[in-house]
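My questions all concern the structure below.
Just so it is clear, none of the values below were taken in a lab; they were calculated from the coordinates. These figures come from a predicted structure and were not determined experimentally. Using ideal geometry, Cβ is built from the backbone for each residue, glycine included, and neighbour counts are taken over all protein chains shown.
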Amino acid sequence: MRGYIDACTYWEGLIRLADLVRLFKALGDESRLRILKALAARTFCVCDLARTLGISQPTLSHHLKILRDAGLVIGEKEGQWTYCRLNAQAFEAYGIDLDRLLAVWEQEVAS
């Protein structure tokens, strides 16, 4: 558990409690961490991301909404397709080192 705390730096400025609740909700689910890991590598079309992760599109859409509500993921519509990518500025604003957070999570999953 300590690794998760170490992955976040001190937050400068004031962050509303509601924003922190959304952030922790978004990061507190293994499926959403898997989504963030995939998006850390590249931008995905929602249908390709669902196929890559082996989850249904409705389930993925539910998780993406939570990640978008927390500001961690950006969805951009292009025609009939929606493309998702990480919002690096949000991770920076919260003082979260995503690479380190995902590495710690992967170590815990492996053990």
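Please count how many residues of the stretch 70-102 are of a type outside the set (Ser, Thr, Tyr), assigned to a helix (DSSP H, G or I) and surrounded by 14 or more Cβ atoms within 10 Å (Cβ to Cβ).
7
Scan the stretch 23-37 and tell me whether some residue there is outside any helix (DSSP H, G or I) and at positive phi.
Within the stretch 23-37 (the criterion being outside any helix (DSSP H, G or I) and at positive phi), the answer is no, since none of the residues qualifies.
Might you let me know whether the stretch 33-50 holds any residue that is exposed (fewer than 14 other Cβ atoms within 10 Å of the Cβ), of a type in the set (Lys, Arg) and out of contact with any Asp or Glu (no Cβ under 6 Å at 6 or more places or on another chain)?
Checking the stretch 33-50: at least one residue is exposed (fewer than 14 other Cβ atoms within 10 Å of the Cβ), of a type in the set (Lys, Arg) and out of contact with any Asp or Glu (no Cβ under 6 Å at 6 or more places or on another chain).
Under 8 Å between Cβ atoms, which residue pairs at least 6 apart in sequence (or on different chains) link something in the stretch 82-111 that is of a type in the set (Val, Ile, Thr) with a partner that is in a loop (DSSP other than H, G, I, E, B) and loosely packed, with under 15 Cβ neighbours inside 10 Å?
ILE96/THR9
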